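What follows is a single structure, written as structure tokens, with notes after it.
Values in this text are rule-based calculations from the coordinates and carry no lab data. For clarity, every value in this text was computed on a predicted model and none was experimentally measured. Here the Cβ positions follow ideal geometry from the backbone for every residue, glycine too, while neighbour counts run over all protein chains shown.
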Amino acid sequence: MQLRLMELRKAAGYKSRGAIAAELGVPEDTYKTWETGKVNLSLKRACQIADLLDCSLDEMCGREVPDQASFSDPREAELHQCWQSLDEPGRTATLATAHALATSQETADDTHPAATGVRLPA
């Protein structure tokens, strides 16, 4: 398995192997053997590097994890896809809206759109 150490190192702002090796407290030649794949990393060291590069082990290994989510209602899957495409402010707004809708359903009275049969826009 070819690790993506060089790509992730550069993306994290470490321009040289020496810079990240110093941060890890290892000789540059030792780090080079990991980056070139000549020597395998221990799990402990891989976790340390992943933390330093702000990435997951899966990302460091180039492993794509299949979407494990399964939904009984197709609308849940659609909501999940929408959620994945939102930026952080969009997610915050969506969550606030969902909480408001859930709260309003709990306290629905005759004037609530759901109670009167009025449908909210899609």
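Annotations for the structure displayed:
- No other residue among 52, 79, 41 is in a loop (DSSP other than H, G, I, E, B) and surrounded by 13 or more Cβ atoms within 10 Å (Cβ to Cβ) apart from 41.
- Beta carbons closer than 7 Å, at least 6 apart along the sequence or on distinct chains, pair a first residue in region 27-49 that is without any contact (Cβ under 8 Å) to a residue 60 or more places away in the chain with a second that is hydroxyl-bearing (Ser, Thr, Tyr) and surrounded by fewer than 17 Cβ atoms within 10 Å (Cβ to Cβ) for 39/33.
- Among the residues making up region 78-104, those that are over 18 Å from the mean Cα position of the chain (by Cα) and of a type in the set (A, V, I, L, M) are 93, 96, 98, 100, 101, 102.
- For residue 32, the stated conditions hold: it is over 12 Å from residue 52 (Cα atoms) and assigned to a helix (DSSP H, G or I).
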